[in-house]
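Below is one structure, written out as structure tokens, with a few remarks after it.
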Amino acid sequence: MSVFREFLHDNRFAVAFLLLCLLLFLVILSIFSPYHPRRMYQVPRSLPPSWEHPLGTNRLGQDVFWQLTFAVRNTLTIALIASLTSRFIAILVGMVAGYRGGMVDRVLMTLGDITLVLPILVVLILVSLILRDWVRQLTNLGLLLAFFAWAWDARVIRSQVMSLREREFTFVAVLSGMGTFRLVLKQYMPFVLPVAFTTLINNMSYAIGMEITLAYLGLGIDPSVPTLGTMLQAAIYRQALFLRLWWWLFTPIVTAILLFIALYWLSLSLSEYLDPRARIQRIGLR
């Protein structure tokens with residue numbers, strides 16, 4: 001609790017935490033939605049915001065507020081699948097490459113370098129065109145995004161493991177007969193997890209941005225499944241701005257902006273807390 005109170009002294013963390021709590025509240029509300037997320041013409045069309053429909057209704061006869069609850073839930077699900085899967089790959093590749101070295105290191109880092117130099121958006125568009133039916137599944141899109149999000153973090157983890165491999169506690173553990181798996185899991189993992197956790201937040205932002213981009217291009221998941229991307233794509237495609245249905249267009253845009261801000265500020269706060277130099281500066285200022 002003392003660590004959490006220390007975080008709350010950072011205004012950026014406090015605002016980010018409140019925004020994320022609000023978005024998670026929307027996710028919980030989706031469970032109690034009176035409307036089916038994929039059915040159309042359940043309510044009168046094109047109604048402005050009111051007490052009955054807080055964010056109005058769209059031209060498809062759907063309540064925008066309740067659609068938003070499902071959209072936030074599905075978008076965060078894609079982001080978590082992509083970020084958690086990419087963290088697992090990054091930790092595995094980084095630790096193996098850093099500890100084993102030699103040919104194993106060169107092969108794994110070459111694969112990572114190839115992934116880094118690829119134009120990710122162009123490749124995602126091509127893969128989505130080729131595997132269109134496969135990508136339309138929520139889980140599959142998350143896995144596809146994870147495939148392009150591990151390389152840089154794996155290189156950072158590799159560098160850290162290479163440094164840890166030369167420290168005295170590693171030699172002591174090896175001489176005491178500790179196995180490689182136990183050594184990596186028990187001795188190295190505590191140093192690697194903070195890096196993996198902070199980069200997880202950044203990868204969530206990447207996954208959300210790519211989901212919105214692919215949905216806008218009509219190459220994301222099934223358009224009938226509400227996400228922030230499909231909500232925005234539907235509003236633009238059906239000319240919500242020209243029809244003066246501003247609430248339909250602005251709802252996913254504002255929500256996405258708030259989500260990006262919350263994740264960015266949360267990442268900054270955690271990075272500064274985990275950075276020893278920044279912690280020393282904070283202590284010196286008190």
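Size check on the chain: the Cα extents along the three principal axes, sorted descending, read 74, 53, 29 Å. Per-residue Karplus couplings for the range 65-76, computed as 6.51 cos²θ - 1.76 cosθ + 1.60 with θ equal to phi - 60°, are listed in order as 4, 6, 4, 5, 4, 6, 5, 5, 4, 5, 5, 5 Hz, Gly and Pro entered as x.
For Cys21 and Ser50, calculate 0.36 nm times their separation in residues minus their Cα-Cα distance, and state this gained length in nm to one decimal. Mind showing how you got there, number by number?
Details: separation 29, 0.36 × 29 = 10.44 nm, distance 2.41 nm.
That pair, Cys21 and Ser50, stretches by 8.0 nm at full extension.
Rounded to the nearest 0.05, the FRET efficiency derived from the C-beta distance between Gln42 and Leu129 at R0 = 35 Å is 0.60. If you run the Gaussian network model on the chain, springs between alpha carbon atoms under 10 Å, then out of Leu26, Leu111, Leu266 the most flexible one is Leu111.
The modelled label-to-label distance between Leu29 and Lys186, using points 7 Å beyond Cα along the C-beta direction, is 4.9 nm. Whole angstrom only: what separates the Cα centroid of the range 120-190 from the Cα centroid of the range 223-256? Result: 35 Å between the Cα centres. When the Cα convex hull of the range 177-221 is projected onto planes of every orientation, the mean area is 4.4 nm².
The magnitude of the dipole of the range 34-128, with charges of +1 and -1 set on the Cβ of Lys/Arg and Asp/Glu and taken from the Cα centre, is near 180 debye. To the nearest ten degrees, helix 11-29 and the longest principal axis of the Cα atoms of the chain are 60 degrees apart. Only alpha carbons enter this Debye calculation for the range 32-73, each as an equal point scatterer, and the log10 of I(q)/I(0) it gives at q = 0.18, 0.31, 0.32, 0.34 Å⁻¹ is -0.41, -1.16, -1.21, -1.29. What do you get for trypsin sites (Lys or Arg not before Pro) in the range 83-175 restricted to DSSP loop and a cutoff of at most 13 other Cβ within 10 Å of the site's Cβ? Filter output for the range 83-175: Arg167. Scalar couplings 3J(HN,Hα) for the range 236-245, obtained by applying the Karplus form with A = 6.51, B = -1.76, C = 1.60 to θ = phi - 60°, are 5, 4, 9, 6, 4, 5, 5, 8, 6, 9 Hz; x denotes Gly and Pro. For Tyr264, the solvent-accessible surface computed with a 1.4 Å probe is close to 130 Å², ligands and nucleic acids excluded.
Here the range 98-138 yields Rg over Rh of 1.21, to two decimals, using C-alpha coordinates and the Kirkwood radius.
So for the range 118-230, considering every pair of alpha-carbon atoms, how many percent are separated by more than 19 Å? Tail fraction, whole percent: 56. The calculated Kirkwood hydrodynamic radius for the range 39-158 is 17.1 Å, given to one decimal from all distinct C-alpha pairs.
Using square roots of five times the C-alpha gyration tensor eigenvalues, list the equivalent-ellipsoid semi-axes of the range 1-106 in whole Å, biggest first. Let's see the in-between values first.
On the way: eigenvalues 338, 99, 18 Å².
Value: 41, 22, 10 Å, ordered largest first.
Tally up the carbon and sulfur contribution to the accessible surface of the chain as a whole percent, 1.4 Å probe, everything protein left in place. Mind showing how you got there, number by number?
Working: 10730 of 15640 Å².
Of all accessible area on the chain, carbon and sulfur atoms account for 69 percent.
Computed packing ranks the peptides 66-72, 196-202, 124-130 as 66-72, 196-202, 124-130, most packed first, by mean other Cβ atoms within 10 Å.
The values are calculated or read from the model by the stated rules, or taken from the named source; none is laboratory data. Keep in mind the model is a prediction, meaning the values are calculated, not measured. Glycine also receives a Cβ, built like all others from the backbone with ideal geometry; neighbour counts cover every protein chain displayed. Calculation scope for accessible area: heavy atoms of the full protein, side chains included, ligands and nucleic acids excluded. Shrake-Rupley method; radii C 1.70, N 1.55, O 1.52, S 1.80 Å.
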